[in-house]
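Everything below concerns the one structure shown next.
The values are calculated or read from the model by the stated rules, or taken from the named source; none is laboratory data. Source: prediction; values computed, not measured. Every residue, glycine among them, receives a Cβ derived from its backbone with ideal geometry; neighbour counts consider all protein chains shown.
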4 protein chains.
Amino acid sequence: MVSGRQVESGNGPIRLGMVGGGQGAFIGGVHRIAARMDGEFELVAGALSSDPARAKASAAELGLDPERSYASFAEMAKAEAKRPDGIEAVSIVTPNNMHFPPAKAFLEAGIHVICDKPLTSILADAKKLAALVKKTGMVFVLTHNYTGYPMVRQAREMVAKGVLGDIRVVQAEYPQDWLTEKVEDTGANKQAVWRTDPKQSGAGGAVGDIGTHAYNLARFVTGLELDTLAAELTSFVKGRLLDDNVSVLLRFKGGAKGMLWASQVAPGHENGLKLRVYGTKGGLEWTQADPNYLWYTPFGEPKRLITRGGAGAGAAAGRVTRVPPGHPEGYLEGFANIYAEAARAIRAARRKGGKLSKDVIFPTVEDGVEGVAFIEACVKSSKKNGAWTKL
Amino acid sequence: MVSGRQVESGNGPIRLGMVGGGQGAFIGGVHRIAARMDGEFELVAGALSSDPARAKASAAELGLDPERSYASFAEMAKAEAKRPDGIEAVSIVTPNNMHFPPAKAFLEAGIHVICDKPLTSILADAKKLAALVKKTGMVFVLTHNYTGYPMVRQAREMVAKGVLGDIRVVQAEYPQDWLTEKVEDTGANKQAVWRTDPKQSGAGGAVGDIGTHAYNLARFVTGLELDTLAAELTSFVKGRLLDDNVSVLLRFKGGAKGMLWASQVAPGHENGLKLRVYGTKGGLEWTQADPNYLWYTPFGEPKRLITRGGAGAGAAAGRVTRVPPGHPEGYLEGFANIYAEAARAIRAARRKGGKLSKDVIFPTVEDGVEGVAFIEACVKSSKKNGAWTKL
Amino acid sequence: MVSGRQVESGNGPIRLGMVGGGQGAFIGGVHRIAARMDGEFELVAGALSSDPARAKASAAELGLDPERSYASFAEMAKAEAKRPDGIEAVSIVTPNNMHFPPAKAFLEAGIHVICDKPLTSILADAKKLAALVKKTGMVFVLTHNYTGYPMVRQAREMVAKGVLGDIRVVQAEYPQDWLTEKVEDTGANKQAVWRTDPKQSGAGGAVGDIGTHAYNLARFVTGLELDTLAAELTSFVKGRLLDDNVSVLLRFKGGAKGMLWASQVAPGHENGLKLRVYGTKGGLEWTQADPNYLWYTPFGEPKRLITRGGAGAGAAAGRVTRVPPGHPEGYLEGFANIYAEAARAIRAARRKGGKLSKDVIFPTVEDGVEGVAFIEACVKSSKKNGAWTKL
Amino acid sequence: MVSGRQVESGNGPIRLGMVGGGQGAFIGGVHRIAARMDGEFELVAGALSSDPARAKASAAELGLDPERSYASFAEMAKAEAKRPDGIEAVSIVTPNNMHFPPAKAFLEAGIHVICDKPLTSILADAKKLAALVKKTGMVFVLTHNYTGYPMVRQAREMVAKGVLGDIRVVQAEYPQDWLTEKVEDTGANKQAVWRTDPKQSGAGGAVGDIGTHAYNLARFVTGLELDTLAAELTSFVKGRLLDDNVSVLLRFKGGAKGMLWASQVAPGHENGLKLRVYGTKGGLEWTQADPNYLWYTPFGEPKRLITRGGAGAGAAAGRVTRVPPGHPEGYLEGFANIYAEAARAIRAARRKGGKLSKDVIFPTVEDGVEGVAFIEACVKSSKKNGAWTKL
């Protein structure tokens, strides 16, 4: 049953700033809802756009104090660090190439960071950031939001407890269809423009945008470490500069094998992230579009459908469950769970020497390094005709 | 496509109070998340429990100013009406028998009301409330929350546009299983206690708790008016004072026929609200547990799956859609849509003479009267061995 | 696992005749495939149509000896009874009003009967037939074919073993859409013509054609006996002489309650027979369109999906399973199972005093009487404004 | 709509023999049901087992004339070729290594061959057989039975008509779980013994048994030709001699890309063959376990569910459809469709110079060569660490 986990902590919300996420953006609004959902954060400052007019208009729309709407992240980091009521944490929701500079600036300013994925557009920056987090001791949360779904937590817990036995096969996929045609040329879709632009996205297209989510999810649930991969990246749409379809064979340490498919040109798939894991004793299947269900298939027994909040769900899922079974929670709740975990970590950090419960789970800067390494390895393997490549 | 409807209005959140919803309650927490999701409301006062200690503790947990945690709704109505920064609206989330008194008090104090369903525990009170709303001109929103789901709005729009032709058959059902055993006796489940107690719930058990949701949904989507009904109420669990299973035959004005089934003793159903509508040209099917999908079955053509945010979804759904297709929205988002509509109505009321767009839809006090009339008619019909009964 | 139940008995197929089922018919061809599937029957004679030319052409198409293609069932019964190699059994696949006369003739001629449902078009005839079967001791099999599906057998076995506890609620439905428009007027659809004609079908339209299947299935699985019913029959299509939509409330002996819906005007439903049963310990759900699956929902545990041939399936299903799980069996296999059971009964009858295993299950003439009684009770109740009516 | 395609040809069934398929076998019984279903074949002779006692007992069980139960296929080919009522066709249902010798013998004896897949256990034999078929002009049908499903025919027709535009991505998979443990050691499962034995199966395990089905299906539906592949074969179960999991990357001529996964160690999958195809204009998805449905996803429109016999199904599916939509057809009907096509080809061959309609489709000896080439290429690629390999 539901564990009544609701946060709504009484000792005041965490003061939050945001970099990016102005008008026309997608993920910024998602971060704001996620931050609001449990009453743990209050958005008080922003550098919402690199375009000053858009930044100002966006801030007004959000009811920010005009004084705390900044023209640049650098200015914001500097000013907020000085204020007694300055932000304690910042959300970075810019295109990939603009994750590193603000992340660095805020960490150095002593402000916790919640950063969208992938961590950076090149691996070298990702490693620098990891080192900086280690050095500063600040909280750094990467929004691989799919790890926030209760049934994903459930799957992870089941694997960790050995319910599946030894893992043999991992099948991850993330098909979408929104780039089936060359929408980046129309200009109408701001998302399409930057996500297909190597300057803003880095070397990976589909592999960076969604393949990295699928890979992160596979790691999160199975706990397996990748040994090598063989990748085939394709740009199906003529003139597109980055891959829009990627097929990867995976060899994990310890002998498990896997396949990963990510595509943005697969008509009929809106956001088809799916993970299937098979072990010596049973299997699991989870689909993002129907996130409240987890198929558990013990070998030699009927399939079982575990539901969020239901009888078969354990403590790891219960912690991040808001409403009873049958009342579906979705993408925003899953995203909000990452924010709720971030809040727990930040509140623990507030209490100097405060211990964070080991039940609290969020994607870290190290996960981010792993993700960027995955992207770079895929690109490298594909360039070498699919040669097996180490991360 | 998604219409970027996000609210997050800049001119300050609406000050909200709450009656009920203290520790151990279920629906209060849901209302609070719903109120927070779009940044439209700020909870600033509460009479959270009739138990003073629980009220106080609950208020502290929510970070309310202790001064604005009241011992009774009456006190709260009085005090808040006087404050310059007093609440503009109140959420009433108490058991059914405690909807009428606070609703009356707040309306009379000039405070808008958002009230849980069913409207009241007896029809006479419901009618009084409707008259009072009319007289005061205050905003009154009944949280038949399922009408907030985008795909329910889509279904309504399609019926209204004649896509289904003339409606012939309506099949509504709402099975659950949580009362399969006599949990009200254990005391552990506070929900079970009051929902099976005629003093707190009124004359209807399952019919009042969930049957009324199913009936409201059927009316909302089809726009049909009920003529008469024949109902069979059963208490399967020995010693239970209210019905836990209800079967109803429906005759609508104009000739359409329907069936409605609600049960709390149907193992395997967590929260199985489903509506199916059939007309001369096609059919629709929607299931609450998978709310982002709407099956549309034009006669003589392949079935089509319309998805929230997807190509087949129209303006009515787009208005209340937050994230792109494939990123599932759930129960809380649907609930929050009712709050967002309430916010629009309250903001229009702020502007004296402000017009409210007719696109804004929420369940009204009249819908509440209809719902209580439905419950009473079912109870009456069942007592007369299923005789056809007018509302 | 699969029990290798294949029949293919070596001591020669059973010689079969057929009444009806000539060109343009639907169910005759189905019976022939079902009879052939396990190699248990050989079609050797027929009175395939009341139209002599059609009868002849149909017989030629099927490769019958022209001498054994008869102009009438009466002639066939007489002639075949005399032949040393005469038919041992006959399949009657005519419209409802033409079940009784040939059934009577063949039983009296000492020929076993396999008869399509409903048994007869009026109850008096049904009772006469039941008496005649008793008197003659012949095998009489009614093709309520849905009872032949392995997962239906599985459901019945689970209920009989008490897996569901005491049954409380039974929800049966059988929606179709093929009579949404008045196709009987076009003449193109021979099925539609006779099935909407009271002279050929009897007093029931949808209730007789498919409602009776749903009712039979509910009885077959639950073993419950109906006490009374309240029915609402509607003819939605203007000018249609029989009901095309029927809603029924059911009260079973012992206190269980139920609902039954059958419709031929529900767009999107091809052949939507579905049964749901709920008891004190768990529930079951089976859908004809996906017949290899049975949902079993033990109260307080995750839902389980039992599959034909799979680990959770028992002996009753195994007996009638041909191929391993995951290799879907369908409508024709289910129908063929009724024929295979008929073959076992006929072979047992061949051995004078031969005992028939009690595992062998098929719908009997008594089930047929019950079915016709159900139709008549529904018609009667509906005429009395839905009054509760005994069977 | 259904095209009333039933065969049941009047001019006498085709006399059929069988090699293999004695007691304890699986696929032999399936072939016999398939052959019987449309009344097109009559089994009259057999060399049912290499074990004489088993051969004899099996023949008796099937009611064969003892004289036509042969001790070896060679004897049978010789004897039957001489009889005036000798078999016209033979079904070969032995383990893979025993396909070539009897196929050769019967073709040389002037008897048509229906042979189980894969064609042979080595490519050289496959090519010899293809040459022999060409030389003799006999009918040779390979039972890649999944191509017999109506919705697979529908998919093929849609691709051929350009409904999907240019094909970009093909995702084929065929997971099973029956070899999750080392059942071949128990001896209880005759299937497991020979299918994991390189001497009987050839060099491929899962890749040969089921991977080749998935590959054949992908080719059948898309019409694409494979250029090169990169494969990873794994034997997860300790001591197993052949692969039980295979992952393959595919590059088709013309630029389409694909992935293929076959596994026999994936708990929860009974027989999970699935094909997904994505083009510039839309996608298709078909799942063998639910074969009456075909998802068609036109880009930018709601998904559509095409059903066997339903409004969206075309002529290619209608030809091989027996019963109306909603009356599910399954594995045996699909298999029987291959036999029905074989019957049409054999009847055309009976009429010297008889033309075979080009609508008649069945897997040929050339498809068999392609399949064996696929297996060998996968084995070769995997041995070379997944190097890209030509067929």
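Brief remarks follow.
- Residues in the stretch A:259-275 that are in a strand (DSSP E or B) and more than 8 Å from chain D (Cβ to nearest Cβ) were compared, and the one that is surrounded by the most Cβ atoms within 10 Å (Cβ to Cβ) is A:262.
- Scanning the stretch D:228-258 for residues that are assigned to a loop (DSSP other than H, G, I, E, B) and in contact with a strand residue (DSSP E or B) (Cβ under 6 Å, 6 or more places away or on another chain) gives D:236, D:243, D:253, D:256.
- Among the residues making up the stretch A:29-70, those that are in contact with a strand residue (DSSP E or B) (Cβ under 7 Å, 6 or more places away or on another chain), in contact (Cβ under 8 Å) with a residue 24 or more places away in the chain, assigned to a loop (DSSP other than H, G, I, E, B) and not hydroxyl-bearing (Ser, Thr, Tyr) are A:40, A:48, A:62.
- If you go through the stretch C:353-391 and keep only what is among the aromatic types (Phe, Trp, Tyr) and in contact with a helix residue (DSSP H, G or I) (Cβ under 6 Å, 6 or more places away or on another chain), you end up with C:362, C:374.
- Candidate set from the stretch D:318-332 (those that are within 12 Å of another protein chain (Cβ to nearest Cβ) and assigned to a helix (DSSP H, G or I)); member that is surrounded by the most Cβ atoms within 10 Å (Cβ to Cβ): D:331
- If you go through the stretch C:289-324 and pick out every residue that is under 18 Å from residue C:361 (Cβ atoms), out of contact with any Phe, Trp or Tyr (no Cβ under 6 Å at 6 or more places or on another chain) and not charged (D, E, K, R), you end up with 8.
- Count of the stretch B:286-317 residues which are more than 7 Å from every other protein chain (Cβ to nearest Cβ) and either within 25 Å of residue A:309 (Cα to Cα) or charged (D, E, K, R) (or both): 7
- Among the residues of the stretch B:47-92, the ones that are touching a helix residue (DSSP H, G or I) at 6+ places or on another chain (Cβ under 8 Å), buried (at least 21 other Cβ atoms within 10 Å of the Cβ) and either farther than 21 Å from residue B:25 by Cα or polar (S, T, N, Q) (or both) come to 7 in all.
- Failed criterion for residue A:292 (all others in (1) more than 19 Å from the chain's Cα centre (by Cα); (2) crowded, with 23+ Cβ neighbours inside 10 Å; (3) of a type outside the set (Ser, Thr, Tyr) hold): (1)
- Among (1) under 18 Å from residue B:389 (Cβ atoms); (2) more than 22 Å from the chain's Cα centre (by Cα) - the single one residue B:250 does not satisfy: (2)
- Residue tally, condition among the aromatic types (Phe, Trp, Tyr) and either surrounded by fewer than 20 Cβ atoms within 10 Å (Cβ to Cβ) or assigned to a strand (DSSP E or B) (or both), over the stretch C:199-227: 0
- Which listed residue is surrounded by fewer than 24 Cβ atoms within 10 Å (Cβ to Cβ), in a loop (DSSP other than H, G, I, E, B) and at pLDDT 95 or above, from D:354, D:386: D:386
- Checked against (1) more than 14 Å from chain D (Cβ to nearest Cβ); (2) in contact with a helix residue (DSSP H, G or I) (Cβ under 9 Å, 6 or more places away or on another chain); (3) buried (at least 22 other Cβ atoms within 10 Å of the Cβ), residue A:248 passes all but a single condition, namely (1).
- Among residues of the stretch C:207-225, those that are out of contact with any Ser or Thr (no Cβ under 6 Å at 6 or more places or on another chain) and more than 12 Å from residue C:117 (Cβ to Cβ), counted: 8
- Residues of the stretch A:208-247 that turn out to be more than 28 Å from residue A:181 (Cβ to Cβ), among the small types (Gly, Ala, Ser) and more than 22 Å from the chain's Cα centre (by Cα), as a count: 1
- Qualifying residue in the stretch B:282-291 (condition: out of contact with any helix residue (DSSP H, G or I) (no Cβ under 6 Å at 6 or more places or on another chain) and more than 25 Å from residue A:329 (Cβ to Cβ)): yes
- Test for residue C:335: is it assigned to a helix (DSSP H, G or I) and over 17 Å from residue C:113 (Cβ atoms): no
- Selection status of residue B:228, among the polar types (S, T, N, Q), in contact (Cβ under 8 Å) with a residue 40 or more places away in the chain and touching a Ser or Thr at 6+ places or on another chain (Cβ under 7 Å): yes
- Residues of the stretch C:182-205 that turn out to be farther than 23 Å from residue C:101 by Cβ and either touching a helix residue (DSSP H, G or I) at 6+ places or on another chain (Cβ under 9 Å) or not assigned by TED's automatic domain parsing to the domain that holds residue C:250 (or both), as a count: 8
- Residue check, residue A:142 aliphatic (A, V, I, L, M), in contact (Cβ under 8 Å) with a residue 12 or more places away in the chain and over 15 Å from residue A:294 (Cα atoms): yes
- For the stretch C:246-287, taking the residues that are of a type in the set (D, E, K, R) and free of Cβ contacts under 8 Å to residues at least 60 places away in the same chain, the one that is nearest to residue C:214 (Cα to Cα) is identified as C:285.
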